[in-house]
Structures are given as C-alpha cells and as structure tokens.
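The values are calculated or read from the model by the stated rules, or taken from the named source; none is laboratory data. As the structure is a prediction and not an experimental result, all values here were calculated from the model. Virtual Cβ from ideal backbone geometry, glycine too; neighbours counted across all protein chains shown. Ligands, DNA and RNA are stripped out before the accessible areas are found, and what is left, the full protein with its side chains, is counted by its heavy atoms. Shrake-Rupley method; radii C 1.70, N 1.55, O 1.52, S 1.80 Å.
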Amino acid sequence: MKMRFLKTAGFYLLVAVIIVESVFPFYYAVLTAFKSGNAIFHVDYWPTSFSLSNYAAVLTQGVFARNILNSLFVACVTVALSLVLGTTAAYALARFRFGGRKLLLFAILSVSMFPQVAVLAGLFEVIRALGLYNSLWSLVLSYLIFTLPFTVWVLTAFLRDMPRGLEEAAIMDGASPLRILVQIFLPLTAPAMVTTGLLAFITAWNEFLFALTFTSNDTQRTVPVAIALLSGATEFEVPWGNIMAASVIVTVPLVVLVLIFQRRIVSGLTAGAIKG
Amino acid sequence: MAAGFAGHLSAILRGRRFAVLLFLTPMLVTLAAIAAWPLIRTILYGFTNASLSDLDAARFIGFRNYLDTLTLRSGRTVHTGLLADPVWWQAVWNTLRFAAISVSVETVFGTIIALVLNQRFPGRGLVRAAVLIPWAVPTIVSAKIWAWMMNDQFGILNDMLTRVGLLSHPIAWTASPDTAFLAVLIVDIWKSTPFMALLILAGLQMLPRDVYEAARVDGVSPFRAFFDITLPLIRPALLVAVIFRALDALRIFDLIYVLTPNNARTETMSVFAQQNLFSFDKFAYGSAASTLLFLVVALITILFVTLGHLDPERET
Amino acid sequence: MHTRWKERSRSATRLVTQLALSLFAVLGSVALAQAANIAMVSGSVGNDLKTLRHFVAEFQKKTGDHVSIVTMPSSSTDQFAQFRLWLAARDPDIDVYQTDIVWAPQLASSFVDLKPYVKNSLADVFPMILASQTVGGKLVAVPMFADAPALYYRKDLLEKYKKPVPQTWEELAATAKTIMAGERAAGKSRLWGFVFQGAAYEGLTCNALEWMRAEGAGNIVEKDGRITVYSDKTVKVLDMARGWIGTIAPEGVLSYQEEESRGVWQTGNAAFMRNWPYAYPLGESAGSLIKGEFDIAPLPAGAEGGIHAGTLGGWSLAVSRYSRHKDVAIKLVEFLTSKAVQKERAIMSARLPTLKSLYDDPEITAKQPIIGRMKASLENAVARPSAVTGANYNEVSADFWTAVHNTLAGDGSAKDNLELLEAKLGRLKGAGW
C-alpha cells in the first residue's frame, strides 16, 4: 500500500516538475513585462504589480507594431504560396508512378536539411539580382526553402494513403487533372493542409537568420530581428521590461494557436517524422 | 472491345501524365531557384576571393580558402586557410559537442516526458498543453527570456541558486566562458525537449497494450519492461527523432547568436560562417566554411539514413 | 435590392472620380515641383550630427528637395560593414554616404565619379587628402572635413622636470621614463608616461603607421603597390614600441581605443598622449583635471630625421551608383563640401577644413585658433594605403594591426610577425592590387 502511495506521489511530483519547468520561463517573462520602472531590478517570484507601461512603450516608441504586421504579411504569404505549390506537386507525386519518383521525393526532402548559412551567400546574390533587398518579398521567397519540402512531403504521404479508385470515375468523365485536384482531393486534404499551413506559419514567424541578413531598416524588419535588436537610449542600457513585453505580445498568439490546434500540430509533426 | 477500351484508357492516361507532371514544375523551379542554385553559388564562391566590397570582381583561386601554404622570405612555410584555422576547428568542436550533449539529454528527458504523457491520469491534457509551450515560444524570444533569467545582476536563476545555497555568488552565465556553453545547452534543452517528447510519444502510442499486460502478469518490473520491451519497439521512432534533432543541432545559429554573441567557446560552425560572410569582410572564406558545414551535415544525414535503413516511402 | 445596387454604384462612381481627380492633382503637383526625396547616411553623433542637421536644413530651404538623415550605431566597424552590405545588395534607398577616409576607396566600384562636379575647388584641396579619395583617376568621394592626430603633452610636468617637447620617439620614451620615475617616487602611483591606441583595430594601424613613417620605414604598401612592411627598419620600429609596453605605457593600452586613452589622460594619469584634436576642447572643459596644464605638438619624428608623421583622417561624402536621384545627391555633396559651408562648420565645431585657403581666413583664426595650429600637421599627414590596395584595404589593415598587436603583446617576435605579414600581403596582392 505504501509502495503504491509513494509511486503515485512520485509520479505526480514528476508531473509537477514537468509543468513548472515548461511553463516557468514564460510565466516569468509575463511577470516581468507587467512590472514598471525600477521594480524590474528586484527579483520576485510572484506577481507584484500590474502595469501596462512596458507594453505601451514597446508599441508606441519605435516601429514594433509595424514589425508585427511585417511578420504577419510574410508568414501568411509564405503559407499561401507553400500550400499552392505544395499541393499541386504532392498530387503529382502521390497519385502517379513515374521513374525516379522516390529519388525526387528524397531530393526534395533533402533540401530541408540544408544549413541556412550554406545557401545564405548564394541567396544574397539572387536577392540582389532580383532587386529584392530590404523588401519583405525576399523573406517570402527564402522561407519557401523550409516550408516547401515539409509541405510536399506531408501532403504526399497524406494523398498517397487515399484509396486508388477516387479519381477513376472523374477520369472516365474526362475531367482535367486540375479539376480533379480541386474538386476531389482538395476537400479531403483540408485537414492536412491546415496542419502543414500552421507549421509553415510558425516556421516563417520564427525565422531569424534570413530576416537579419536581407532587411536593413527598422521599418522592414520582422518580429524576431526586432526583438533581438531592441536597444535602449544608450549603448549600454538594455530595456528588459520592453523586451519582455515585446516577447509576450509576440508569443501569446502563438501559444494560443498551438494550444487550440494541439492535436493537428502533433499529428503533423509526427506524420512528417514517423511516416518517413 | 476490351482491348480498344484499355488502349483508349492508356492514351488518356499518357496525356494526363504529362499534364500532371506539369504540376510538379512550379514547385521544382522554385526550389531550384532558392535552394539548389544558391547552394551551388555558395560552393562556387568558396573557390574565389569574393568580397562584399565588389562581388562582381571575384577571381577564381582554387582551394586557397580551404588550405594554402605561404612561403616566408626566410624559407619557413606556414599554412593558412580554413583547414588550418584554429578558430574554425574550435567551432567544429563546439558544434559537435553541443549536438552530442543536447541530443542525448533531450532524448532522455523526452522519453521521460513521453512515458508520463502515455499514462492516463487526470490532468493529462493540461500537462500536454504545458509541455508544448517551450516549443511554441519563438527561439529568439526564448533566448531573450533566458538571457533575462540568467542575468548576472537581476537574474532569477542566480537568485534561486543562491537562496538554495548551490551558489555562493552570482555567475555571469552567458558572459563567462566557462558557463556560456552550459547556458546555451540549458536553453536549447528547454526548447527542444517537447519536440522529442512528442515524437517518442507517437511511437509509444502505437505500441500494443497487451504486451504490457502480459509482462505485468508475469511479474516483470516496470524498469525491465521498459528496457526489454518498450525500448526495442520504439527504436524506429526514437531514431527518427534523434536524427531530426541532431541535424537541427548541427545547424544551430539563432540561439548562439542572440544569447552568447562573440564567444569563442560557443561559436558554432553556422555562426562562424555567418560572421565571416557579413561581419568580417571574408565573404569567400565564409562561403567555404558554409560549404564544409553542408558537407558535414550531408555526411551525417547519409550515415544515419543508411544505418537506420530509412526509406521515404516505407509504411510504418 | 435593385435601388440599393444603383445607389451603391453611384457612390462608387463618385468615389472613383474623386480619387482620380486627387491623383491627378498629386501627380500634377509632383510634376511641377520635381522635389526629390533623398537619403543620406551618417555615423555622426552628438555635436557633429547637430551641425549636419543644421546644414541639411539650409540645403532643403535652398533647393526644395527633402533629405532624410539615416543615423547609424556608433561603432565604426559596424557602420562600414552595413555600408558594404547595402552597396553589395545594390540598395537604392541610400543616396549619399558619409565615409571615413579609408572606406570610399574600398567601395570604389559602387560610387559615382565626382571629379567633374567639383573641378573648381580641386586645386584648393590638400593634395594628400584628394589623392586618398582618388582610385584609378576616379574621385570616389569629396572630402568634407579632415582630421590629423597630435601629441598631447603635460606642460606642467615638462616644466617640472625641465624637459623640452620631444622631437623624436626615442626622446619621448626617455622623457616619459624620467617623468614617470619622478612622479611615482613622489607618490603618484597611477601615472604613466605615454598612452596611445593599442587595441587590435584600425586605430592601431594608424598609430603603427605613424611610428614607421617617422623612422622612414615605409608605408606598409607603397603608392606603386610594393609591399615594404618587412625590413630591418620596420622590425626596429616594432621592437621599440614593444619596449614601451609595461614600462612607459600600461599593459592595458593593448585594449585602448580613443576614449580609453583619453580617459587615462584626462584624469591626469599620463604625461603624453597620442590622440585626435577632439580631445583638446574636452580637456579644456570645466571639470577636467588637466585644464590649462597641457598643450599639443606635432607627433615626434624619427631618430635619423624622419618626418613628423600623423595619419590622415577625416570624413568625405560619396554618391551611390544605385541612387535614383543622382543629380540631387550630387548637389547635396557639392553644398556640404563647399567653401562657405566648410568655413561655417570650422567656426561652429572646430572641424578641420579640407581647403587650403581657409587656413588663412582671419575669421577662423580668430574664433578657432586650434585650426591654424593643425595646418602643419595636416600638410605632413601620411595616408594609409587604402587607395592603392582598394577593395583589399580592410584585409591589409586587419593583417597589419594583428601583426603589430601580437608583437606588442609579446606573441611572437617583431621579425617573425612581420615576415608572416609580408607573405600574407603578397598572397593578397597576387598579380596586382
């Protein structure tokens, strides 16, 4: 009996540790963001104040609000493009046998293993040739490197699992491939598309290196770079309150998104990994 | 009649095939333009003396960025180049060390969390949601939050450890060369363990429950059950998770750049390459470093794939 | 339903018409005004930035064009890296660049040749300064104001120990040693003989170049491209400097830039300092511990009658090749470097003009006497080999300051470090700069 009790207690202790360890840093950021002025320099474990001054400061001074819009724009357009390009390609790869298909799939997948810095020099050259430096389109284009392979792969696996006979009737009727894709498969792949779209959104939202390299003014920057470069009035002052406020502003929507779509995201991640 | 029908069908299919393969083109062209071509250009730049001051005036110089021999007036020879650069090798060592330690720790912690989440207990949903939070927080944000927690003067980490008595005086976690590496590890482990946990959990959830019933009836202890039954069965899922994490760890840039900039003890290959490309005026040198990093990652990927007998189309 | 549609279409037409009319008006006014919007990037801070804004406002009033000033973080290395990146990316957002004297020649291929636009004042510019901004016959940037370092010395200490202002580096070392010994014996334990900029950065290249030119040991890379950095003379020079560390200069000097050395000097803890003229008014400001106790002189020469060498500094203005309003940009550059503006700037902020004739101007001499005193230093200034090495200058300088820093820190002998440097520069040069 005692053994039983100890085991259960030990188990719940472990659970508590896991919860605290996972949540505490974010909780502390929220705590700090609500402190104002010099209260920040005093270490507190529980909320002591509730001031919105940091949030007001970070949203009104500088261009942080604009940075959020930039990130939103880039992430949405990236997702849209990935889905369009990815779905059409996945359809071809999933429903048709042709020589070298496996190799092609593997090659596409291998792109996601490129170190970002390995394409950085060459991509810089492409961006400058297209005259896209410092434009948000340079980011949209670059982010497809990560989002496309993953999207193609997951959607291909998804489409491949669908029964063979689905499109036969439509073929008999002489429907064009585009029609078949849009009218038959698109509705069926909707859940997979939501998942890959979400994951692509999160990837694009978080990206740092390309955003750092291809944009140069504050008004063109995206959120990760803006937060990384948040500086105070002098060279030596680090505005922790503002940084935490900015962090919270940017993270809360993501956390909410992730919690709502938990199941989809988890299945998307694991489908991507396990099915491969 | 049947033969005619079959011939008709195949004719349609052939026409369709072309049209459908056309679907592949936009995606392939995009990937070629933003992935394949830039990679080739980076590799080519590594063989030139390109400088950002005048990219168009780059001249081909062969392997000189990789290894070069200078003969001094006195006859002494000196080696320069990436392969003779102690800073590069330090970066390589930092990267390998970081990847090995972080992936191992994340695998162990991830397995523990996965095992917990695999049990049915009240509040399981809450735990799963909580565990997802580190993964949801953007990398830069986690770097900043932890930098704040690890602040040497106002950081809560120092405060906690001092109160508990583990520290006698505050440590500058991210600045001090001895602890910077540990700081980066801590943040990465915090951030990436959820990912490992989820993948391993997926593997666990596919295991048949009756095997455990049988083991329990036979009086096998949970520990033995884990090592003798569970572990072998989730090996494929574990391997996939480890590969993914290892590749990410080898390429890591964001965390190091934001948390411990300009620190020789934590500089990874990606950071080394990026600094040479854009901060120091060594564009060609940075390109060569990027190429080497690519080769290392490619090699390890191939190794893992062949060792793990992975197949992109295998059904689990 | 139908009437609602009609209503909507009517209001839509009205809206479209209004839009079209206002668009016409805007376009019309734009066509009439032809006022352009250009951007100038400047790394100036404090007083210099204020002065710049003053002149830019004047320009805007005169021409009706709008100039926005893009400011940069204070680190000059970061500034240069960013300029280089913008130009490499062919960014048209910046029209005018304020460049340090060694930057424009490195980025020569990205700048417009400004020689045809400033033909008239060319003869009045100090030849050395002009040459430093000329690459292959092309004037890549127009000099705006110049800078040359001086030797700061403590009048009171020289008087006390009855020593004259040192004319050679050897004399300086001896005098500094005497003063240090005497003052330390008297209880001033923190006093050092000589502080300069010894950190591993561009400033060290300047300092070391001065020592070398003073002893007639060459210019690292000569005007014709020859690499002269390794010779008996250069080895002797670096050995001499190495001897100062720990004896007359603190070990910490190996991490000093301009401000750190000024910090030691202005708190009265150094007998001699090498620094730019900006430290003069700061040393004379209220609250300075050395107010009234110091003066400046040309930097020492070498033992065998070499030159009193100070490295040429200063800022110039360049026009980007990728600018969409080159004509307006060029007008701005002409304005900011014109004789009238340079005179006003000299009086306002004591910045050294680049035009010879202004040094005889009575108004300037009356209001900012230091300018007249610096004329000799400017005329004898030595230029870093940025024009001859072009795009490679950054790496040449970095290799040079690394070799010097290593020697000063005791990491390898002067001979070994310079020998390696010679080979590296030779490799960099290849067939030709």
Table column - 3J(HN,Hα) (Hz), region C:338-354, Karplus curve with 6.51, -1.76, 1.60, x for Gly and Pro: 5, 4, 4, 5, 4, 5, 4, 5, 4, 5, 6, 10, 6, 7, 5, x, 9
Given backbone amide H placed at 1.01 Å from N, residues whose amide H is under 5 Å from that of C:Phe294, ignoring those fewer than 5 places away on the same chain, are C:Lys155
Determine, for each peptide in C:245-251, A:246-252, B:66-72, the mean count of other beta carbons within 10 angstrom over its residues, then list the peptides with the highest first. A:246-252, C:245-251, B:66-72
Quick one: what are the phi-derived ³J(HN,Hα) couplings along region A:144-159, Karplus 6.51/-1.76/1.60 with θ = phi - 60°, whole Hz, x for glycine and proline? 4, 4, 8, 6, 4, x, 5, 4, 4, 5, 5, 5, 4, 4, 4, 5
Would you grab the residues whose amide H sits under 5 Å from the one on C:Ala270? Only those 5+ places off in sequence or on another chain, please, with H modelled 1.01 Å from N. C:Trp192
Using the heavy atoms of the protein chains alone and a 1.4 angstrom probe, what is the accessible area of chain C per residue in square angstrom? 43
Taking chain B as a Gaussian network, where each spring joins two C-alpha atoms under 10 Å apart, which residue of B:Glu213, B:Glu106, B:Glu267 fluctuates the most? B:Glu213
What is the distance in Å between the Cα centres of region A:163-184 and region A:46-63? 55
Enumerate the lysines that B:Lys144 could reach by cross-link, defined here as Cα to Cα under 25 Å, with residues fewer than 8 away along the same chain left out. A:Lys35, B:Lys191
Measuring from the lowest to the highest alpha carbon on each principal axis, how far does the protein assembly as shown reach, largest first, in angstroms? 111, 81, 66
For chain C, take the longest principal axis of its alpha carbons; what is the angle in degrees between that and the long axis of helix C:202-214, to the nearest 10 within 0 to 90? 50
Within-10-Å neighbourhood charge of C:Val221 [Cβ basis; K, R +1; D, E -1]: +2
Counting protein heavy atoms only and a 1.4 angstrom probe, how many square angstrom of accessible surface do chains B and A bury in total, to the nearest 100? 8900
Förster-model FRET efficiency, 25 Å R0, C:Lys429 and C:Arg324, C-beta, rounded to 0.05: 0.10
Chain A: C-alpha gyration tensor shape, a/c 1.5 cut-off, then a/b vs b/c: oblate
Using per-residue counts of other Cβ atoms within 10 Å, averaged over each peptide, order A:171-178, A:74-81, B:205-212 from highest down. A:74-81, A:171-178, B:205-212
Region A:189-231 and region C:234-278: distance between their alpha carbon centers, rounded to Å: 47
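Is chain B rounded, prolate or oblate when judged by the Cα gyration tensor, a ≥ b ≥ c being the square roots of its eigenvalues, rounded requiring a/c under 1.5 and prolate requiring a/b larger than b/c?
Oblate shape, in that a/c is at least 1.5 and b/c is the bigger or equal ratio.
Tell me, what is the FRET efficiency for B:Phe5 and A:Gln183 to the nearest 0.05, using R0 = 25 angstrom and their Cβ-Cβ distance as r? Let's see the in-between values first.
Numbers: r = 25 Å, r/R0 = 0.99.
Here the calculated transfer efficiency is 0.50.
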Peptides C:137-148, A:105-116 ordered by average Cβ neighbours within 10 Å, highest first: C:137-148, A:105-116
Suppose each label sits 7 Å from its Cα in the direction of the beta carbon; what would the C:Ile347-B:Arg224 distance come out to in nanometres? 10.0
Give the residue list of trypsin sites (Lys or Arg not before Pro) in region C:141-186 that are DSSP loop and have at most 12 other beta-carbon atoms within 10 angstrom. C:Lys162
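Excluding ligands, DNA and RNA, what is the solvent-accessible area per residue of region A:1-108 at a probe of 1.4 Å, expressed in Å²?
53
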The alpha-carbon center of region B:94-144 and that of region C:372-423 are separated, in whole Å, by 52
Distant-in-sequence amide H partners of C:Arg384 (H built 1.01 Å from N, under 5 Å): C:Leu312
7 Å from Cα along Cα→Cβ at both A:Val84 and A:Asp44: what's the point-to-point distance in nm? 5.0
Grab the other residues whose beta carbon is less than 13 angstrom from that of C:Gly412, score K and R as +1, D and E as -1, and report the net. -1
Within 10 Å of each Cβ in peptide A:206-213, how many partner chain Cβ atoms are there on average? Round it to a whole number, please. 5
Pairs of alpha-carbon atoms within less than 8 angstrom and 6+ residues apart define the contacts here; what relative contact order does chain C have, in percent? 25
With R₀ set to 45 angstrom, the calculated FRET efficiency between the beta-carbons of C:Tyr161 and C:Arg90, to the nearest 0.05, is 0.15
Carbon and sulfur atoms: what percent of the 1.4 Å accessible area of the protein assembly as shown do they account for? 64
Could you work out the mean count of beta carbons from other protein chains within 10 Å of each residue's beta carbon in A:14-23? 6
Taking a crude spin-label model, label points 7 Å out from Cα along the C-beta direction, the A:Ser176 to C:Arg53 distance in nm is 6.1
Within the set B:Thr25, B:Thr260, B:Thr174, GNM on chain B using Cα springs under 10 Å gives the largest fluctuation to B:Thr25
Okay, which of region A:174-199 sit inside 12 Å, backbone N to the point 7 Å along the Cα-Cβ direction of B:Ala19? A:174-182
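Compare C:Asp91, C:Asp327, C:Asp361, C:Asp416 by solvent-accessible area with a 1.4 Å probe and give them largest first, with all protein chains kept in place.
C:Asp327, C:Asp416, C:Asp361, C:Asp91
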Virtual paramagnetic centre 7 Å along Cα→Cβ of C:Asp124, amide N under 20 Å, in region C:90-116: C:114-116
For the protein assembly as shown, percent of DSSP beta bridges that are antiparallel (nearest 5) comes out at 65
Would you tell me the mean number of C-beta atoms belonging to other protein chains that fall within 10 Å of each C-beta in B:64-70, as a whole number? 2
How large is ³J(HN,Hα) for each residue in region B:185-195, as worked out from phi by the Karplus curve 6.51 cos²θ - 1.76 cosθ + 1.60 (θ = phi - 60°), to whole Hz, x for Gly and Pro? 4, 4, 5, 5, 4, 4, 6, 9, 4, x, 4
Take region B:179-316, drop everything but the C-alpha atoms, weight them equally and run the Debye formula without solvent; then report log10 I(q)/I(0) at 0.10, 0.15, 0.17, 0.19 Å⁻¹ to two decimals. -0.51, -0.89, -1.02, -1.13
Among C:Lys331/C:Lys356; C:Lys119/C:Lys331; B:Lys282/C:Lys429; C:Lys291/C:Lys375; C:Lys50/C:Lys343; C:Lys331/C:Lys375, the pairs whose Cα-Cα distance exceeds 20 Å are C:Lys331/C:Lys356; C:Lys291/C:Lys375; C:Lys331/C:Lys375
Loop-exposed GluC sites (Glu not before Pro) per DSSP, neighbour cap 10 Cβ within 10 angstrom, longest uninterrupted part of chain A: A:1-234
Residue with peak Gaussian network fluctuation, chain C [Cα springs, cutoff 10 Å], from C:Thr77, C:Thr354, C:Thr365: C:Thr77
Per-residue ellipticity at 222 nm attributable to helices in the protein assembly as shown (runs of n ≥ 4 DSSP H, -39500 (n - 2.57) apiece, nearest 500 deg cm²/dmol) works out to -19000 deg cm²/dmol
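Rank these residues by their accessible area, most exposed first, probe 1.4 Å: C:Arg321, B:Arg73. Please report the intermediate quantities before stating the final value.
Details: C:Arg321 115, B:Arg73 150 Å².
Putting C:Arg321, B:Arg73 in descending order of accessible area: B:Arg73, C:Arg321.
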